[in-house]
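A.B. asks: Below is a structure I'd like to ask you about.
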Amino acid sequence: MCGIVGAIGRRDITPVLLEGLRRLEYRGYDSAGIAIRDSSGHLQRIRSVGKVATLEARLEQATISGELGIAHTRWATHGMPAERNAHPHMSGEQIAVVHNGIIENHSELRQELEAAGYRFVSETDTEVIAHLLADALKQGGGLMVALKSAISRLRGAYALAVASPDDPDRVVVARVGSPLVIGIGKGEHFIASDVYALLPETNRFIFMEEGDMAEIGRDQVRIFDQQGSEIERPVRTSQLDRGATDKGPYEHYMLKEIFEQPAAIAETLEGRIHKGRLLDESFGHEAKALLDQTRQIHIIACGTSYHAGLVARYWFEEVGIPCSVEVASEYRYRKVVVPDGCLFVTITQSGETADTLAALRAAKTMGYIGSLVVCNVPESSLVRESDVAVMTRAGTEIGVASTKAFTTQLVALRLLVLAMGKRMGQTEKQQRQAIEELHALPRQVEVVLKLNDAIRNMAQAFRDKQDALFLGRGSFYPIAMEGALKLKEISYIHAEAYPAGELKHGPLALVDETMPVICALPDDPLLEKVLSNLQEVRARGGELFLFSDRNVKIELDKYQSLTLADIHPGTAPIVYTIPLQLLSYHVAVLKGTDVDQPRNLAKSVTVE
């Protein structure tokens, strides 16, 4: 989703803003822009459609410099991708603003401002903020007073950064519903949508809370709460590696992140298992009491994280815990019945997903015993607002199509299942076996990654395909859903996933000799039923692409198959995810798509 960067210092901050924008490219965007207060006291603005590199080229021609500025990458919501709709937005020469989020009452505000004589040049909701600020400045009181006045009129979600040519000493910011961080420097300070943008400059951050406003000066940061009272927020030192956003020897971030999965899984397990025993304490000091009370679980998530929740439902129910899983955007808009002893669990990569965050806030009033989040970003809103956080430790994930964040979510959820299994009477032998499977998991993923070249060859068969069908049963149905999602989001091939047993109920009508059908074949109790379903596909001419355990005997004609080593049943859904990721990646490369930044998509969805 959109990205904000800002800085004030005693040097030219243009390179800082550009590097910040480059580091925010992974969020997804269609245009970029920058506004700098120059040495003559004017706001110089440059905007462009397309990549940050296009903006950089235009800046080189303009030779803009200054000690104060704001910048933005935009993902289109109101108004098509066009230079007039790119941020920063200005009201005359008085004010410049960048904005993440959506202003729900922008239409009525626009009519009011047009009636007052303000001229609009874009179709965005953001431009109303610029004119509200300009109108408030006419009343006197300075930039912070104007910000307070403007945001009192707004309904919706926003992170805002505002600069004025008449104020050389501060940038003012505010957040409601969209994340914003303040980077702490010496004689300079920074703002951004997330810490990755600022890691080259600092590793010390203040995370703005819901409703906060702030004045960002060279030597001082002042923060105000929703009531306007000045408050202190803690300065946190980030442990994130500033080099984590480099691709290294890989052609794409996605491929790099696929190959980082053994290490990411091992890191997620680190410190949570000791001498063959799960350490509940590793989930945090409040986790034990919360898990002791848990009798049912509601999982809420979006996208890939939703698929992780669907896998976890099978696992939780195997140990006797009733579990439901729901898409966050649907959960919020119906009357939910909360049973006794129910734990509210969210799954999120970024910790800023708007629908998931709103669902958590609503759940706090609904009678749950507490909330737990599985997340990859320790400083995120969902982590701060949940009772317990189980961190996935995947490290920075840049590719929009999630890979290592997904598999580490599954690992974290498997650990939670272990914790609940112990409470539900699992034997020591069952616990020990599950722990041994987790210990073996990083090595099993390493072995599967050696199939990369073979999967690249398999991908050739998809070069001219327009559709694909993924099948699975049991916990492998959500893995099929994840495989279909990966293929469609980065290769733009229309892909659907179905439970294999549902073929006769409609999807079989789609199968002919042009339809590739992809299926994982673990050696599990449902194997024979899945093989029967695949016979139905072959009888209609469909071509099969199979990933199977080496103990599986396939008696079919016309199929391509790759064999995995013996895979432990408890962690098999995690392992079989890897070849589906690689297949999608290599198909996308053959198709010539933008693998890391697929069209129309954003890494972190911070608006509804």
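A.B. asks: From the list Glu108, Glu93, Glu114, which one is within 35 Å of the chain's Cα centre (by Cα) and more than 30 Å from Pro234 (Cα to Cα)?
C.D. replies: Glu108
A.B. asks: Just name the residue that is nearest to Pro88 (Cα to Cα) out of those in the range 138-169 that are open to solvent by less than 30 Å² (accessible area, probe 1.4 Å) and among the hydroxyl-bearing types (Ser, Thr, Tyr).
C.D. replies: Filtering first and then ranking leaves Ser164.
A.B. asks: Consider only pairs whose beta carbons are under 8 Å apart and that are at least six residues apart or on different chains; among these, list those whose first residue lies in the range 514-528 and is farther than 19 Å from Met458 by Cα and whose second residue is basic (Lys, Arg) and not in a strand (DSSP E or B).
C.D. replies: Every condition considered, the pairs that remain are Leu526/Arg473.
A.B. asks: On the given criteria, is Leu199 touching a residue at least 40 places away in the same chain (Cβ under 8 Å) and over 30 Å from Ala157 (Cβ atoms)?
C.D. replies: For Leu199, the condition - touching a residue at least 40 places away in the same chain (Cβ under 8 Å) and over 30 Å from Ala157 (Cβ atoms) - is not met.
A.B. asks: May I ask you to list the residues in the range 151-176 that are over 19 Å from Val221 (Cα atoms), among the aliphatic types (A, V, I, L, M) and either modelled with pLDDT of 95 or more or part of a loop (DSSP other than H, G, I, E, B) (or both)?
C.D. replies: Once the filter is applied, which keeps residues that are over 19 Å from Val221 (Cα atoms), among the aliphatic types (A, V, I, L, M) and either modelled with pLDDT of 95 or more or part of a loop (DSSP other than H, G, I, E, B) (or both), the range 151-176 yields only Leu154.
A.B. asks: Moving on. When the range 117-137 is examined, which residues are found to be open to solvent by less than 10 Å² (accessible area, probe 1.4 Å) and either among the charged types (D, E, K, R) or touching a Pro at 6+ places or on another chain (Cβ under 6 Å) (or both)?
C.D. replies: Asp125, Glu127, listed by residue number.
A.B. asks: From the list Ala412, Ala434, which one is at pLDDT 95 or above and either over 24 Å from Val325 (Cα atoms) or assigned to a helix (DSSP H, G or I) (or both)? Steps first, answer last, please.
C.D. replies: Numbers: Ala434 fails: at pLDDT 95 or above.
After ruling out the rest, the residue left standing is Ala412.
A.B. asks: Here is a further query. List the pairs whose first member sits in the range 279-296 and is among the small types (Gly, Ala, Ser), whose second member is outside any loop (DSSP other than H, G, I, E, B) and surrounded by 14 or more Cβ atoms within 10 Å (Cβ to Cβ), and whose Cβ atoms are under 7 Å apart, counting only residues at least 6 apart or on separate chains?
C.D. replies: Note: pairs meeting the criteria are Gly284/Val388; Gly284/Ala389; Ala287/Asp280; Ala287/Val388.
A.B. asks: Which of the residues belonging to the range 481-513 are in contact (Cβ under 8 Å) with a residue 60 or more places away in the chain and either acidic (Asp, Glu) or closer than 29 Å to Ile567 by Cα (or both)? Quick ask: steps written out before the conclusion?
C.D. replies: Within the range 481-513, the first condition is being in contact (Cβ under 8 Å) with a residue 60 or more places away in the chain, and the residues that meet it are 481-483, 485-487, 489-493.
Met481, Glu482, Gly483, Leu485, Lys486, Leu487, Glu489, Ile490, Ser491 - these are the residues of the range 481-513 that are in contact (Cβ under 8 Å) with a residue 60 or more places away in the chain and either acidic (Asp, Glu) or closer than 29 Å to Ile567 by Cα (or both).
A.B. asks: May I ask you to verify whether Gln94 is more than 30 Å from Asp594 (Cβ to Cβ) and not aromatic (Phe, Trp, Tyr)?
C.D. replies: Working: more than 30 Å from Asp594 (Cβ to Cβ): yes; not aromatic (Phe, Trp, Tyr): yes.
Yes.
A.B. asks: Residues that are surrounded by 15 or more Cβ atoms within 10 Å (Cβ to Cβ): find the strands (runs of 3 or more DSSP E) completely inside the range 177-238 holding 2 or more of those.
C.D. replies: Working: elements: 181-184, 189-192, 204-207, 213-216, 221-224, 235-237.
Because the criterion is at least 2 residues that are surrounded by 15 or more Cβ atoms within 10 Å (Cβ to Cβ), the strands (runs of 3 or more DSSP E) in the range 177-238 that meet it are 181-184, 189-192, 204-207, 213-216, 221-224.
A.B. asks: Name the single residue that is surrounded by the fewest Cβ atoms within 10 Å (Cβ to Cβ) among those in the range 277-301 being at pLDDT 95 or above and either assigned to a loop (DSSP other than H, G, I, E, B) or among the polar types (S, T, N, Q) (or both).
C.D. replies: Gln293
A.B. asks: Of the conditions (1) in contact with a strand residue (DSSP E or B) (Cβ under 9 Å, 6 or more places away or on another chain); (2) at pLDDT 90 or above; (3) hydrophobic (A, V, I, L, M, F, W, C), Val145 satisfies every one except a single condition; which number is it?
C.D. replies: For Val145, the failing item is (1).
A.B. asks: Still on this structure, I have one more. Tell me, which strands (runs of 3 or more DSSP E) wholly within the range 1-116 include 1 or more residues that are open to solvent by less than 10 Å² (accessible area, probe 1.4 Å) and farther than 22 Å from Tyr158 by Cα?
C.D. replies: On the way: elements: 3-8, 31-37, 43-49, 68-74, 89-91, 95-103.
It comes to 43-49.
A.B. asks: Tell me, please, whether a residue that is farther than 24 Å from Gly156 by Cβ, without any contact (Cβ under 8 Å) to a residue 40 or more places away in the chain and buried (at least 24 other Cβ atoms within 10 Å of the Cβ) can be found in the range 395-413. Full working, then the answer.
C.D. replies: Kept after step one, since they are farther than 24 Å from Gly156 by Cβ, are these residues of the range 395-413: 395-413.
When the remaining residues are screened for being without any contact (Cβ under 8 Å) to a residue 40 or more places away in the chain, the result is none.
No; the residues of the range 395-413 include none that is farther than 24 Å from Gly156 by Cβ, without any contact (Cβ under 8 Å) to a residue 40 or more places away in the chain and buried (at least 24 other Cβ atoms within 10 Å of the Cβ).
A.B. asks: Now, a different point. Residues of the range 263-276 being touching a residue at least 40 places away in the same chain (Cβ under 8 Å) and open to solvent by 10 Å² or more (accessible area, probe 1.4 Å), which ones?
C.D. replies: Ala263, Ala266, Glu267, Leu269, Glu270, Ile273, Gly276
A.B. asks: Residue pairs, Cβ under 6 Å, 6 or more apart or interchain, first in the range 425-454 and in contact (Cβ under 8 Å) with a residue 24 or more places away in the chain, second surrounded by 14 or more Cβ atoms within 10 Å (Cβ to Cβ) and among the small types (Gly, Ala, Ser). List them.
C.D. replies: Ala434/Gly570; Glu437/Gly570; Pro442/Ala266
A.B. asks: Give me the pairs, please: first residue somewhere in the range 32-59 and on the phi > 0 side of the Ramachandran plot and at pLDDT below 95, second residue anywhere and part of a strand (DSSP E or B) and not charged (D, E, K, R), beta-carbon distance under 9 Å, and either six or more positions apart or on two chains.
C.D. replies: Taking only residues 6 or more apart or on different chains, the pairs are Gly50/Ser31; Gly50/Ala32.
A.B. asks: Kindly indicate the residue of the range 312-335 that is of a type in the set (Ser, Thr, Tyr) and out of contact with any helix residue (DSSP H, G or I) (no Cβ under 6 Å at 6 or more places or on another chain) and also surrounded by the fewest Cβ atoms within 10 Å (Cβ to Cβ) among those meeting that condition.
C.D. replies: Within the range 312-335, the first condition is being of a type in the set (Ser, Thr, Tyr), and the residues that meet it are 314, 324, 329, 331, 333.
So of that shortlist, the ones also out of contact with any helix residue (DSSP H, G or I) (no Cβ under 6 Å at 6 or more places or on another chain) come out as 314, 324, 333.
Details: Tyr314: 16, Ser324: 16, Tyr333: 8.
Looking at residues that are of a type in the set (Ser, Thr, Tyr) and out of contact with any helix residue (DSSP H, G or I) (no Cβ under 6 Å at 6 or more places or on another chain), I get Tyr333.
The values are calculated or read from the model by the stated rules, or taken from the named source; none is laboratory data. All values derive from a computational prediction rather than experimental measurement. Neighbour counts run over all protein chains shown; Cβ positions are idealised from the backbone, glycine included. Each accessible area value is taken on the protein alone, full model and side chains, heavy atoms only, with ligands, DNA and RNA left out. Shrake-Rupley method; radii C 1.70, N 1.55, O 1.52, S 1.80 Å.
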